[in-house]
Structures are given as C-alpha cells and as structure tokens.
Amino acid sequence: MCGIFGYIGRRTAAPIIVKGLKKLEYRGYDSFGIATLGSGIEISKHEGRISENGRSAIRLNGTIGIGHTRWATHGIPNDINAHPHMDCKNRIAIVHNGIIENYADLKRQLIARGHRFLSETDTEVIAHLIEEKYTNNLLTAVRDTVSDLQGSFALLVISPEEQRIVAARNASPLVIGVGDGEFFAASDMTPILEYTERAMFLEDGDIASLSQTKVEIFHGDDIVTRQIELIDWSVEDTKKGGFPHYMLKEIYEQPQAFYNSISGITKETIPRVAIKPSSVVIVACGSSFHAGLIFKYLLEETCGIPVRIEYASEFKYFPPPVNGLVIGITQSGETADTLTALKQAKAHNCSTLAITNVLGSSVSRIADSTLYMRAGPEISVAATKSFVAQLAVLMQLINIYSDNQFNKVLLQGHRAIEDILLKDLSEAIAICKKAHSLFYVGRGAFFPVSLEGALKMKEISYIHAEGYAAGELKHGPFALLSKDTPVIAICMPDDTYGVMISNIKEIKARGAPVIALGVEGDSELTDVVDLFISVPKTHKFVQVLTSLVILQLLAYHTAVALKRDIDKPRNLAKSVTVE
Ligand code: G6P
C-alpha cells in the first residue's frame, strides 16, 4: 500500500502534490516522488519521508503532476525504487498503488524485447508496457496495458504528449476530487478535502481521463458516469488541532466518535442482512480482528448467537464451512485480505455485511450492505478512534438484537470514555518504559482488550508485548516471567474475578510486577498487585471501553517517553492493500 496523488488545473502542481503526499504519508512513508509536465517530464524522487525537514522544497514546473509516497513491497526503499517510474524513452511517467502479481513474467518478456529496467519494482513494467502500446492516445495505451496486468492497481499516468492524467483502478482505491476548474486524483479523500468536498469513486475496471476541463470515465468500451458524492469530513479533522500527535488527538476524539457511531445506527435503519442473524462469521485483520473478538464474547453472552471469527488472511486459504451472515470489519475498507475473504463468502452464497469508516471504500462495493462508523478521518497509523467506533457499531447491533436493553448503557458510553481520558498513568508509564517485554492478560471480552492493549504498545513503543487469555500464561509464557516483564492484568468483577485473582497471585509468585485494571474501590485486587488503576464500576460494555482507553493512553505515553515516532511507527502503514 502506498499513497498516490495527482493534480490537474491552473495552479502549479508540485506544491499541491507535496502537500497532498504529506497527508497521505500514513499509507506509507519510506520514499516519495513527484513528476510534472513542465519541459518534458520533470521528476524528483527520494528515499525517506516527504515530511522530513527540507525534503518538500521540490521545484518542478507545470500545472499537471502525479506523486507517490511509498511502503516498499518490491525492492528496498531507495531513490531508484521510489515512484514515479518511467519508460525507456522518458515519455511515460507513472505512480502505482497495489501489486502486479504477474510482473516477473512481464518483465522477462519486456527485457527480451529490449527494454531497460532501472528499478526492482513491479510497477516499472507498467511504464514499459504503456510505452509499447502508445501511439497517439494515452488512454487507449493504458487501457490496452491494464488488460495484461494481474493483481491490484490504482494508477496515475502522464505523458508530455498529452495535457491530461490517465487514471485506472482495479482493487486499489482511487477517488477523483472535483474542484472548480481543477481535478484531483488520490488514494483517499484526506489530501483532497482542502480543495473540494465533491468526490467520485472509481470502480474496479474504470479508466479515467482528467483534463483541465473535464473528467471522462470509461469502463470497457463504454463511457460511464460515476455519481458525485459529498464528503462530510472536514479539513480540520485532518489536522493535529494543537495536539502533539494525531494519535493523542484521535484518542481524545473517541467520546465523539463513539457517540456518533452509536447514534448513526438504529433498528429501523440497519440493513436487512444485519437483522438478527442466526449465526455470524467475522473476518478481519489487526485491531479490527480484536473488535470482532470482543463482539463475539459480548454477543454470545447476551444473545446466544454463535459467532465464529477468522483472520481474513487465513480465511482465503483455509475457508471454514460458512453459512449465514459474514461480517467484514475494516476501518479503511481497503484491507486486501478482508476484501478477498468477503468475496469468498459471497461465492459461498453467504450474506455479507461490511463495517467501515470510509465512505465509498472498496469493501462497500463488495459487501451486500455496509454499516458506516462515524469516526471521521484517522491519520495516526495506530488505530484508536476507529477501533472504538467499531465497538460502538458492534455494541449497537447487540443492543438492537436485545430489544434495546442496552440503550441507556450505550448512551452513557461517551461520557465514561471522556472521564477516563484524564486518568493519571505516570506510575504505570514509569514501569512500562523500562520493560523489555510486557504481557497483557484478561478473560472473556477483556482477553481481546488485552490483545489490543498489547498491539498498541508494540506498534508504537517497540516494546515486545503479548496479549494472552489469562489462563494460558502458565502454559509457556511463565518461563519468561521475571522482575523485568511486567504483566498488565484486566480484572473486572464478573464471573472470572476469583480465577483472575488466582492467576495474578501465580504471576506475582514468579516475581513479575503486576499492574491491574479493576473497578474503583476493589481493595482485594489493590492488595495483591503492585499498581492498581481503577475504572468506574459500570456495565461490562463500558468497562471494556474504559479499560481499552487506558491501555491506549499507556501505550501512547510510554512511546512518547521513549521518543518514538508515534504517528508513523517504523515499518507499518495504516491500510494494508497487499496480501
Ligand atoms: C493495518 C493497520 C492496523 C489495522 C489493520 C487492519 O495493519 O496498521 O491499525 O488494524 O491494518 O486494517 P483495517 O483497515 O482492515 O481495519
């Protein structure tokens, strides 16, 4: 996954593209590049981040240009592998998000026909193929080329012979911003919002021509129209707004995100496929998988509806026998594995529901129906408010399946999150920042909370952290316990309380310090642990939310204390559009 951005209009393209790429950096940030139509193709591309000091002073001429910020897949991050890539005659420049699966074959054939390759990327084959097909019409050449490509791509192509950008999409996101006398093409809306809220989402198989005056979209031999949609995210939502990091801002936006997402879904408006299913299969990755696992525990406990949950990346290769409703949870709506899993579920005649934060994202085109979270744009790579908004949607589904018996609880959720934001975690941060390894344990719905807490910690602090079902720690990980491996235990007053206390005592007996999250006034727990952090004594749903927010804040502040790159942790990206 990478970010691509193109501009055509009356203004100088390069500064607009630089700004756009900075907004897209969360999709990948190991190298970047821009090409414009100035005197011929003018190009500038470099290893590193465009947002690093001094990197963005790119002086290229012309009012038409394309840019790219990369998350390396084929070839290490360096200047040569950075996009844009060109053909042998420097007549074609191209940026690409996605993977060309048959690139090795194509490259062999192209080399045999005399083409010279500079980079190790899969993308470069596209430039050379277009070179071969190009006579006097870039659109036709791109159309003839994409029919040879297998895999996923969002492409932007320019040539000095033509005053336009040609864009093509297959299984990678591509949105066109419709401005006033100018057009934008990008991987998502965040870099476009500053200029226009009007957007057209290309469909798989679409090829578009963006000129200074119009956008024409072709699908096969037909010219097609794609509806202009109004995007209600504001440009302010994509700024840090005085916070030191996007992640902290987004953690603080969680009360609103939770409230908005709860309020956006009612019994009357949920899609037909989502109305009380007899069983559910969830497919998801990363944090979204953890949200699904919390849902499994809560739905099975409250409604007795069986839920099976599968990593989307496994589902494709080892599809379980599925029927009924399959729910794909994906904040970005673009995770390749989740999209593939949903397609497979459809092929098995299952009903499919997507839960996503991004209007017009690919998942909404695949699933039968979509429920949108209303978290607003999330820029930090580590998911926080999108996770809480996923929980809001999932908890609201449980509420609807339970005849609204959790209405009051859910309508208080945002207040509880708000109150917990001010919790003093300094002692816990002091312990965590010195740790070489951390374990997180919980039972029931608090087990996936511990998984998510550990994921946040490792993603942004780079401290090794593992979440475990509390009963499992003695089956192996006990060998790792020492005074240098603190254990964070989530111990709420439910049926598992007694056994959790026993587990904590066993951990303590192995010399590991224990930080416990429990409800206020729990003196028994306070007495057995090294550090006690309280959440209000409320409903389990709310305790899930509040303990989760504490773990997000703990990860955030520990990473700040270790001077980590909070919003752009090494090697990661927000949306993973490759398998
Ligand atoms: C990436 C992100 C994670 C996210 C996962 C799944 O790894 O860094 O934060 O949880 O993808 O993303 P999705 O968009 O499908 O929720």
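Ranked from highest to lowest mean number of other Cβ atoms within 10 Å per residue, what is the order of the peptides 22-35, 80-93, 255-268?
The most tightly packed comes first, giving 22-35, 80-93, 255-268.
Measuring from centroid to centroid over Cα atoms, what is the spacing of the range 142-202 and the range 267-282 in Å?
35
Return the distance in nm (one decimal) between the two label points of a simple spin-label model at Tyr462 and Thr269, each offset 7 Å from Cα along Cα→Cβ.
Label-label distance for Tyr462 and Thr269, simple model: 4.4 nm.
Would you mind checking the tilt of helix 385-401 against the longest principal axis of the Cα atoms of the chain, expressed as 0 to 90 degrees and rounded to 10?
That helix lies at roughly 60 degrees to the long axis.
I need the shape label for the range 473-573. Rule: rounded when a/c is under 1.5, else prolate if a/b > b/c, else oblate, with a, b, c from the alpha carbon gyration tensor.
Verdict is oblate for the range 473-573.
Give me the angle, in degrees from 0 to 90, between the Cα long axis of helix 336-347 and the longest principal axis of the Cα atoms of the chain, rounded to the nearest 10.
90
Long-range amide H contacts for Gly179: which residues qualify at under 5 Å (H placed 1.01 Å from N, peptide plane, sequence gap of 5 or more or a different chain)?
Under 5 Å from the amide H of Gly179: Phe184.
If you take the Cα atoms of the range 133-260, find Rg, then find the Kirkwood Rh from the mean of 1/r over all pairs, what is Rg/Rh?
1.07
What residues have an amide H closer than 5 Å to that of Tyr440, excluding those fewer than 5 places away on the same chain, when H is modeled at 1.01 Å from N in the peptide plane?
For Tyr440, whose amide H was placed from the backbone, the distant partners under 5 Å are Glu466, Gly467, Tyr468, Ile488.
Separation of the range 332-372 and the range 20-86 by C-alpha centroid, Å?
The range 332-372 and the range 20-86 have Cα centres spaced 31 Å from each other.
Would you kindly derive the ³J(HN,Hα) couplings of the range 187-202 from the backbone phi angles with the Karplus curve 6.51 cos²θ - 1.76 cosθ + 1.60 (θ = phi - 60°), listing them in order in whole Hz, with x for Gly and Pro?
Values, residue by residue: 5, 8, 6, 4, x, 8, 3, 4, 10, 7, 9, 8, 9, 10, 9, 6 Hz.
Cross-link partners among aspartates and glutamates for Lys19, C-alpha distance below 13 Å, same-chain residues fewer than 8 apart left out?
Once the sequence-local aspartates and glutamates are set aside, what remains near Lys19 is Glu52, Glu194.
Starting from the Cα gyration tensor of the range 240-411, take the square roots of the eigenvalues, sort them a ≥ b ≥ c, and report rounded, prolate or oblate (rounded when a/c is under 1.5, otherwise prolate if a/b is larger than b/c, else oblate). Please report the intermediate quantities before stating the final value.
Working: a/c = 1.85, a/b = 1.24, b/c = 1.49.
Oblate, since a/c reaches 1.5 and b/c is not below a/b.
Just how many % of Cα pairs in the chain lie over 48 Å apart, if you round to the nearest whole percent?
15
Using modelled backbone amide H atoms (1.01 Å from N, in-plane), which distant-in-sequence or interchain residues come within less than 5 Å of Asn102's amide H?
Hits under the 5 Å cutoff: Gln150.
Order Lys537, Lys214 by their accessible area, 1.4 angstrom probe, all chains in place, largest first.
Lys537, Lys214
So what is the relative contact order for the chain, in percent, with contacts set as C-alpha pairs under 8 Å and at least six apart?
11
Angle between the Cα long axis of helix 13-24 and the longest principal axis of the chain, 0 to 90 degrees, nearest 10?
20
The values are calculated or read from the model by the stated rules, or taken from the named source; none is laboratory data. This is a predicted model, so every value here is computed, not measured. Methodologically, a virtual Cβ is constructed for each residue, glycine included, from the backbone with ideal geometry; neighbour enumeration extends over all protein chains shown. For accessibility, only protein heavy atoms count, side chains too; no ligands or nucleic acids. Shrake-Rupley method; radii C 1.70, N 1.55, O 1.52, S 1.80 Å.
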